[in-house]
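Input: a single structure, listed below in structure tokens.
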Amino acid sequence: MKMVSAVFNCSHAHTLFISDLHLCAKQMHCAKAFLRFMLHTAPKAEALYILGDLFEYWAGDDDLNDPFHQQVIHAMRTLAASGTRLFVMRGNRDLLMGKALEQASGATLLADPTLIDLYGIPTLLSHGDALCTDDAAYQTWRNQVHEAGWQQLFLAQPLAQRKTQIEQLRTRSENAKQSKCSVIMDVNVNAVAELLREHGYPRLIHGHTHHPMHVLHHVDGHKCERWVLGDWDNKANALRCDSNGASWETIPD
């Protein structure tokens, strides 16, 4: 994989990473936290990376004019216009984000995974769901919905019908989680090791599992950091990276 250049050299330069906000009009506390973050915290960074599941779900770019979506997109566009570079990766909830959203928001959509050079440290970015290989049922579903043909057929349906189907799917998914062991829904360490090996033993940053943590992996004699981003259900959180390394960023309420 070709490494994307994202090298910053200012003495106080830093980059922020967030994921799993699951923004929707029914959870306005998260939306308000996001809008505050985009207004007061994110503009201080050189770049902001949103590593998937920005929205609770995204039924297609023809839903751009939804009033709630317009609020979120305006905040993104304002941040990008201020000079902070904005990057967004699709998650399992919003994998149908496309070019129209990219253009409207001023963000750059990233492939999953994406390898960047961050202050001299090779850093691999991923949403993280592809690493949950112990959940065979989920991986079967994931492979299906990532197929271009499936997405084309789904997007050909009326928007209202798509939203109904997604909401029904979300209900079934939440019910299914009740009977799944938490270990099955977490990342598989062998899958992590294989991903790190494939990309030259970089630092790894991902979300999806909702449990913020810092883990050190030993792979083929290499020490590789893995930073897991948290969700925003209870508290806004971000990972800050600069020339000194990575640390959790305090986000005021």
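What does the convex hull of the Cα atoms come to per residue for the chain, in Å³?
Details: hull volume 32.2 nm³, N = 253.
So the per-residue hull volume is 127 Å³.
Of Thr140, Thr41, Thr250, which has the most accessible area and how do the rest follow, probe 1.4 Å?
Heavy-atom accessible area, descending, gives Thr250, Thr140, Thr41.
May I ask you to list the residues of region 225-245 whose amide nitrogen lies under 15 Å from a point 7 Å from Cα along the Cα→beta-carbon direction of Leu39?
Within reach of a label on Leu39: no residues.
With +1 on the Cβ of every Lys and Arg and -1 on the Cβ of every Asp and Glu, and nothing else charged, how large is the dipole of the chain about its Cα centre, in debye rounded to the nearest 20? Could you put the intermediate results ahead of the total?
Details: 23 positive and 28 negative charges, 59 e Å.
About 280 debye.
Could you give the nm distance between label points at Lys223 and Gln139, where each point is 7 Å from its Cα heading toward the beta carbon?
Going by the 7 Å Cα→Cβ label model, 3.0 nm.
Apply the Kirkwood formula to region 61-186: the hydrodynamic radius equals the inverse of the mean of 1/r over all pairs of different alpha-carbon atoms; give it in Å with one decimal.
Value: 16.8 Å, from the Cα pair sum.
Taking the square root of 5 times each eigenvalue of the Cα gyration tensor, what semi-axes in Å does the equivalent ellipsoid of region 1-114 have, largest first?
Sorted largest first and rounded, they come to 22, 17, 12 Å.
Would you mind getting me the FRET efficiency between Val189 and Ala81? Use the beta-carbon distance for r and R0 = 45 Å, nearest 0.05.
Working: r = 41 Å, r/R0 = 0.92.
The value I calculate is 0.60.
Work from the charge dipole of the chain (Cβ charges, +1 for Lys and Arg, -1 for Asp and Glu, about the Cα centre) and give the residue of His214, Ala236, Ser173 farthest towards its positive end.
Ala236
In debye to the nearest 20, how big a dipole does region 185-253 give about its Cα centre with +1 on each Lys and Arg Cβ and -1 on each Asp and Glu Cβ? Display every interim value, and only then the final one.
On the way: 6 positive and 10 negative charges, 39 e Å.
Around 180 debye, computed over region 185-253.
How much space per residue, in cubic angstrom, does the convex hull of the C-alpha atoms of region 67-112 take up?
70 Å³
If you place +1 on the Cβ of every Lys and Arg and -1 on the Cβ of every Asp and Glu, how big does the dipole about the Cα centre of region 7-157 come out, in debye to the nearest 20?
Numbers: 10 positive and 16 negative charges, 116 e Å.
That gives region 7-157 a dipole magnitude of about 560 debye.
Using a 1.4 angstrom probe, figure out how much accessible area region 41-112 has per residue, in square angstrom, rounded to the nearest whole.
Accessible surface, normalised per residue, equals 36 Å².
Distance in nm between label sites at Leu155 and Arg170, each 7 Å beyond Cα in the beta-carbon direction?
2.1 nm
From the phi of every residue in region 134-148, what ³J(HN,Hα) in whole Hz does the Karplus formula 6.51 cos²θ - 1.76 cosθ + 1.60 yield, where θ is phi - 60° and glycine or proline is x?
Listing the rounded values in order: 6, 8, 4, 5, 5, 5, 5, 4, 4, 4, 5, 6, 8, 6, 4 Hz.
Set the Förster distance to 35 Å, then compute FRET efficiency between Ser247 and Phe68 from the Cβ-Cβ distance, nearest 0.05.
Given R0 = 35 Å and the Cβ-Cβ separation, E is 0.60.
In whole Å, how far is the Cα centre of region 189-253 from that of region 108-163?
First find each Cα centre; the distance between them is then 18 Å.
What is the count of Lys pairs in the chain whose alpha carbons sit under 24 Å apart, if the two are 8 or more places apart or on different chains?
Number of lysine pairs found: 12.
For the chain, with all protein chains present and a 1.4 Å probe, just round the carbon and sulfur fraction of the accessible area to a whole percent.
That share works out to 53 percent.
Taking springs between alpha-carbon atoms closer than 10 angstrom, which of Glu102, Glu194, Glu225 fluctuates most in the Gaussian network model of the chain?
So, out of Glu102, Glu194, Glu225, the one fluctuating most is Glu194.
The values are calculated or read from the model by the stated rules, or taken from the named source; none is laboratory data. These figures come from a predicted structure and were not determined experimentally. Ideal geometry is used to build each Cβ from the backbone, glycine not excepted, and the neighbour counts take in all protein chains shown. Areas reflect the complete protein model, heavy atoms only, side chains present, ligands, DNA and RNA absent. Shrake-Rupley method; radii C 1.70, N 1.55, O 1.52, S 1.80 Å.
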